[in-house]
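Trainee: Here it is, the structure, as C-alpha cells.
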Amino acid sequence: MTTGFSTPAEQDEMVATARRFAQDRLAPFHRQREREGAFDRPTLREMGQLGLFGVELPAEHGGLGLECAIAGRVLEALSGGDYNIGQLSVTISLAGVILASHGRAKIVDPWLAGMLAGEVIPAIGLTEPGGGSDAAQLIVRARRDGDAFVLDGEKTSTTFATQAGFAIVWARTGPPDSGARGISAFLVPLDLAGVSTYEFEDMGGRCAGRGGLVLDGVRVPADHLIGAENGGFVQVMQGFDYSRALIGLQVLAVARESLEETWRSVAERSSFGKPLASHQGVSFPLAECETYVHACRLLCLETLELKDRGQPHTAQAAMCKWWAPKLAFEVVHQCLLLNGHGAYSAEMPYEQRLRDVLGMQLGDGTAQIMKLVIARQKAGRGAVSG
C-alpha cells in the first residue's frame, strides 16, 4: 500500500521491519495480552532491540532522529498488529519528545534510554477527577520545599498507570487562580514514597490498562522539573498536536486491517450463487470506507509533515483526533456486519477492535474539544467562546 508521500529507501525499510514484526510477533498474541491485561515485557524488549520505539527522537538522546512522518508510519505498522502496542508507541513518542525538548539531559536521558529499549513504560499524568478536558484548571498542587517540590493530589484516566516506571505529571505551581500560566510539568518516578496507583476495569484497552495516580506528599527533586516553572501547559499542548496525528494513524491501522480482511471474506463467501462482493449492497459500503480511510490517513500524514517542516498544524491535528477514532469505529462496525453472524463472536477480532478504538473518542481530547480547537484556529480565540 502506497503512502502518498515519497521517502528514502532506508526509512521505508524501517517501516517494513515494523510491519513484519507486527505480523509475526504482535498479531498472533494480541488476544493473549488482552486476557492477561498487561504487556509482556520480552516482546517490548525485542521491539527496543529493533529500534521500533521513539524513532523520531534525536540521536543525542538515543533515538534515530527520523522525521515525525516516518515515526507515524512505523506506529501505523505496529498498530495493525496490536492496537494497544500502538498506544504504548504513541505515549513513548509523546513523552520522549517532551523530555528530550524540555528536560535536563542528565535527568531525562536514563529514562529515555529505558523507553527506547522497551524496558520502561511511561505514563501521562494530566487529567484529574472532575476536570476532564479543562486541562488548564488543575488542582494537583506542587509546592517548593528546599531542593524539591512536594506534590499532592490525584490524576485519573492515566494509561499504563500500574505498569509505568515514571509519569510526566502536570501540577499547579502558581496561585489557584493562575489558570494555564501557573502549571508546571515534572518527571515523577512511580517508586517514590507517597505514590500509589490503581487500575480501572475498562471495556477496551485492557492490555494497556487505564487507571490513576495518587500523590500524597511526594517529594520530587527540583531538577526533575521539565522546562520552565509555570510553563508546563504550553508544553503539553504542543505535544498533543503531535500525538493527535499519531493517534489518527493508530486507529486507522485497525480500520485498515478490518477492511482488508473483509474484502477477502466477501470475495470468498457467496450468496444466491454469486460472491458476496458482487452485490452492491456489500461492496459499495466497503468502497466508501476505503475512500474515507484513505482521505483521513492522508490528513494525518500531512499533519506530521507540517510538524517536520516547523509549520503550524494545530487545526489539522485536531481534525485527525476527532475524525479518525469516529471513522475507525464506524469502519470496524461495518466490517463486523458484513462478516455476518460469526463476526459477533469474540473468536473474531472485531469486538475487541470496537472496544479498543472507542476509547480514543474519549482519551486525549473529545470530538467537541477538537472542534472547538479548530474553530478557534480559524475564527480566532476571541470570536469563539469556550
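The values are calculated or read from the model by the stated rules, or taken from the named source; none is laboratory data. In this text, all values refer to a predicted model and were calculated from it rather than measured experimentally. Here the Cβ positions follow ideal geometry from the backbone for every residue, glycine too, while neighbour counts run over all protein chains shown. Only protein heavy atoms, including side chains, enter the accessible area calculation; ligands, DNA and RNA are left aside. Shrake-Rupley method; radii C 1.70, N 1.55, O 1.52, S 1.80 Å.
Trainee: Picking from Ser271, Ser89, Ser243, which is most flexible by a Gaussian network model of the chain using Cα springs under 10 Å?
Mentor: Ser271
Trainee: Taking Cα atoms, how many degrees apart are the long axis of helix 9-21 and the longest axis of the chain, rounded to 10 and kept between 0 and 90?
Mentor: Once rounded, one gets 80 degrees.
Trainee: Shifting gears a bit: Please give the per residue volume of the convex hull enclosing the alpha carbon atoms of the stretch 45-85, rounded to a whole number of Å³.
Mentor: Numbers: hull volume 2.7 nm³, N = 41.
Dividing the Cα hull volume of the stretch 45-85 by its residue count gives 66 Å³.
Trainee: Can you tell me the FRET efficiency between Gln23 and Arg141 if r is taken as the Cβ-Cβ distance and R0 is 51 Å, rounded to the nearest 0.05?
Mentor: 0.60
Trainee: How big is D for the stretch 1-81, in µm² s⁻¹ as a whole number, if Stokes-Einstein is applied with the Kirkwood radius of its Cα pairs at 20 °C and 1.002 mPa s? Before the final figure, lay out the partial values.
Mentor: Values: Rh = 13.4 Å.
Result for D is 160 µm²/s.
Trainee: Take the solvent-accessible surface of the protein heavy atoms, probe 1.4 Å, and return the percent of it on the chain that carbon and sulfur atoms account for.
Mentor: The value for the chain is 54 percent carbon and sulfur by accessible area.
Trainee: Let me ask another. Treating the stretch 102-247 as a set of equal point scatterers at the Cα positions, no solvent, please give the Debye-formula log₁₀ I(q)/I(0) at q = 0.14, 0.15, 0.16 Å⁻¹.
Mentor: -0.63, -0.73, -0.85
Trainee: Moving on to the next point. Among Leu126, Leu246, Leu215, which one shows the highest mean-square fluctuation when the chain is modelled as a Gaussian network with alpha-carbon springs under 10 Å?
Mentor: For the chain, modelled as a Gaussian network with Cα springs under 10 Å, the answer is Leu215.
Trainee: What lysines sit close enough to Lys155 to cross-link, taking a C-alpha to C-alpha distance under 30 Å and skipping anything fewer than 8 places away on the same chain?
Mentor: Of all the lysines, those that pass the test against Lys155 - Cα under 30 Å, at least 8 places apart if same chain - are Lys106, Lys307, Lys321, Lys326, Lys371.
Trainee: Further question: Using just the helices of the chain, give the 222 nm mean residue ellipticity in deg cm²/dmol: DSSP H runs with n ≥ 4 each add -39,500 (n - 2.57), and the total is spread over all residues, rounded to 500. It would help to have the intermediate numbers written out before the result.
Mentor: Numbers: 11 runs with 188 residues, N = 386.
Only helices count here, giving -16500 deg cm²/dmol.
Trainee: What does the charge count near Arg219 come to, summing +1 for each Lys or Arg and -1 for each Asp or Glu among other residues with Cβ under 15 Å from its Cβ?
Mentor: -3
Trainee: Would you mind getting the accessible area per residue of the chain, heavy atoms of the protein chains only, 1.4 Å probe, in Å²?
Mentor: Per residue, the chain has 43 Å² of solvent-accessible surface.
Trainee: Report, to the nearest 10°, how far helix 83-102 tilts away from the longest principal axis of the Cα atoms in the chain, using its own Cα long axis and a range of 0 to 90°.
Mentor: Orientation of helix 83-102: about 30 degrees from the principal axis.
Trainee: Rounded to whole Hz and in sequence order, give me ³J(HN,Hα) for the stretch 159-167 from the Karplus expression 6.51 cos²θ - 1.76 cosθ + 1.60, θ = phi - 60°, writing x for Gly and Pro.
Mentor: 5, 6, 3, 8, 9, 6, x, 8, 9
Trainee: Another question about this same structure. How large is log10 of I(q)/I(0) for the stretch 283-385 at q = 0.15, 0.16 Å⁻¹ when the intensity is taken from the Debye formula with one equal scatterer per alpha-carbon?
Mentor: These q points yield log10 I(q)/I(0) values of -0.72, -0.79.
Trainee: Top mean-square fluctuation among Gly65, Gly281, Gly248, Gaussian network model of the chain, C-alpha springs under 10 Å?
Mentor: Looking only at Gly65, Gly281, Gly248, the biggest GNM fluctuation is shown by Gly281.
Trainee: If you keep only loop residues by DSSP, which chymotrypsin sites (Phe, Trp or Tyr not before Pro) in the stretch 248-320 have at most 15 other Cβ atoms within 10 Å of their Cβ?
Mentor: Answer in residue order: Phe272.
Trainee: Using the beta-carbon distance between Ala59 and Lys106 and R0 = 22 Å, what value does 1/(1 + (r/R0)^6) give for FRET efficiency, to the nearest 0.05?
Mentor: Rounded to the nearest 0.05, the efficiency is 0.80.
Trainee: Using only the C-alpha atoms of the chain, find the volume of their convex hull and express it per residue in Å³. Spell out each step's value before the answer.
Mentor: Working: hull volume 53.6 nm³, N = 386.
Here the figure is 139 Å³ per residue.
Trainee: Then there is this: Under a no-solvent Debye model with one identical scatterer per Cα of the stretch 184-331, what's log10 I(q)/I(0) at q = 0.17, 0.21 Å⁻¹?
Mentor: Result of the Debye calculation: -1.06, -1.20.
Trainee: Suppose we take every Cα in the stretch 337-382 and form the convex hull; what volume per residue is that in Å³?
Mentor: So the per-residue Cα hull volume is 88 Å³.
Trainee: Oh, and also: With viscosity set to 0.890 mPa s and temperature to 25 °C, compute the Stokes-Einstein D of the stretch 32-180, Rh being the Kirkwood radius across alpha carbon pairs; µm²/s, no decimals.
Mentor: 148
Trainee: Counting alpha carbon pairs within less than 8 Å and at least 6 residues apart, what relative contact order, in whole percent, applies to the stretch 1-87?
Mentor: Numbers: 69 pairs, mean separation 31.4, N = 87.
Across the stretch 1-87, relative contact order equals 36 percent.
Trainee: Here's something else I'd like to know. Could you tell me the center-to-center distance, by alpha carbons, between the stretch 101-175 and the stretch 348-386 in angstrom?
Mentor: Each part reduced to its Cα centre gives a spacing of 23 Å.
Trainee: Take the chain, mark every one of the trypsin sites (Lys or Arg not before Pro) that falls in a DSSP loop and has at most 16 other Cβ within 10 Å, then report the longest stretch left between them, sites excluded.
Mentor: Numbers: sites that count: Arg104, Arg269, Arg309.
Free of exposed loop sites, the longest segment is 105-268.
Trainee: Mind listing which GluC sites (Glu not before Pro) in the stretch 277-386 are in a DSSP loop and have 14 or fewer other Cβ atoms within 10 Å?
Mentor: Passing sites in the stretch 277-386 are Glu347.
Trainee: So, one more: Give, in nm to one decimal, the length gained when the segment between His279 and His294 is fully stretched (0.36 nm per residue of separation minus the Cα-Cα distance).
Mentor: Length gained between His279 and His294: 3.1 nm.
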